[in-house]
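Worksheet: one structure, shown below.
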Amino acid sequence: MKRITSTVIALLLLSACTIDFKANQQISAAIKNKVKAISVTVSDGVEANTNGFNGSKKEIVVDLGGNNAISKTVLVGVAYHCADTAYQILNSYKEKLPSFFQIRVKAGGMTSDNINFKSSLLAKNNIITAKIKTFMAAVVARRYTDLPGDMEPGLNLEPITSLLKNADASGNGVSGYQFIGLQHAMGFHNPDKKPMEVIQGWVMLSAMGTKAQYPMLFVANPATNQLSSVYINPK
């Protein structure tokens with residue numbers, strides 16, 4: 001009986017390892033195709049505690065090659081799409097997800113710091129992304145009175161709407177946008193200043209009369225799935 005039990009356990013472990021290997025291979029191939037990377041390495045890390053991210057992790061290192069480093073905004077977008085791709089693939093295997101995904105991006109001979117994404121927050125991707133895109137659709141259509149519908153109650157949007165209206169009046173209004181990606185971070189709850197997890201969303205604005213693009217940052221509260229702050233050209 002003992003020998004049978006040991007054999008069953010060994011087979012179960014082998015099956016789990018095979019699934020992990022296949023999933024990691026699929027993640028690597030999907031990310032390589034999505035972000036046009038030279039190479040993608042996917043591995044399972046040990047239990048970790050880093051910058052507020054605790055538990056099991058899946059490490060992903062992406063090499064974009066090239067001779068030039070990329071901007072912080074684009075870097076966030078690449079890391080987000082890598083984490084989201086890995087999350088979706090692992091979900092399809094119905095396997096236990098890691099606590100977080102740790103992404104490092106190489107470009108132009110430089111390697112980024114670790115960029116971490118919690119699985120529990122990645123589950124809210126579609127909700128937060130839809131809120132941001134609804135907000136931006138109203139901005140592009142100049143329906144500024146519709147903006148508060150996607151924001152947390154009590155948020156003063158007057159500074160942003162005034163800036164957008166002034167740009168419209170001067171002929172340099174927003175003509176379009178590109179959604180870049182999401183980022184997980186720690187922030188503060190405005191009423192009581194208590195620390196809390198937040199989801200940041202980045203878009204690039206296109207303006208009439210220029211080829212330049214300008215970053216726009218959204219901060220979302222994952223507890224309510226609402227946008228709580230928005231900044232143009234954040235420092």
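The values are calculated or read from the model by the stated rules, or taken from the named source; none is laboratory data. Predicted model, so just to flag it, every value in this text is computed and none were measured. Glycine gets a Cβ as well: all are built from the backbone with ideal geometry, and neighbour counts include every protein chain shown. The accessibility values were calculated without ligands, DNA or RNA, using every heavy atom of the protein model including side chains. Shrake-Rupley method; radii C 1.70, N 1.55, O 1.52, S 1.80 Å.
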*Grab the helices (runs of 4 or more DSSP H) fully contained in region 118-210, keeping just those with 1 or more residues being open to solvent by less than 40 Å² (accessible area, probe 1.4 Å) and farther than 22 Å from Val35 by Cβ.*
125-140, 158-169
_region 71-96, subset free of Cβ contacts under 8 Å to residues at least 60 places away in the same chain, surrounded by fewer than 18 Cβ atoms within 10 Å (Cβ to Cβ) and not small (Gly, Ala, Ser), residue nearest to Met186 (Cα to Cα)_ = Lys72
_Among (1) closer than 30 Å to Ser99 by Cβ; (2) modelled with pLDDT of 90 or more; (3) among the aliphatic types (A, V, I, L, M), there is one condition Leu164 misses while meeting the rest; what is its number?_
(1)
*Kindly check whether there is at least one residue in region 76-99 that is touching a Ser or Thr at 6+ places or on another chain (Cβ under 9 Å) and either part of a strand (DSSP E or B) or of a type in the set (D, E, K, R) (or both).*
yes
*How many of the residues making up region 221-230 are open to solvent by less than 20 Å² (accessible area, probe 1.4 Å) and touching a Lys or Arg at 6+ places or on another chain (Cβ under 7 Å)?*
2
*Within region 47-54, is there a residue that is modelled with pLDDT under 90, in a strand (DSSP E or B) and surrounded by 14 or more Cβ atoms within 10 Å (Cβ to Cβ)?*
yes
*region 177-211: number of residues that are touching a residue at least 24 places away in the same chain (Cβ under 8 Å) and at positive phi*: 2
_Evaluation of Leu227 against (1) under 25 Å from Lys72 (Cα atoms); (2) free of Cβ contacts under 8 Å to residues at least 12 places away in the same chain (one fails), failing number_ = (2)
*Condition met for Asn33 (open to solvent by 30 Å² or more (accessible area, probe 1.4 Å), touching a residue at least 24 places away in the same chain (Cβ under 8 Å) and over 17 Å from the mean Cα position of the chain (by Cα))*: no
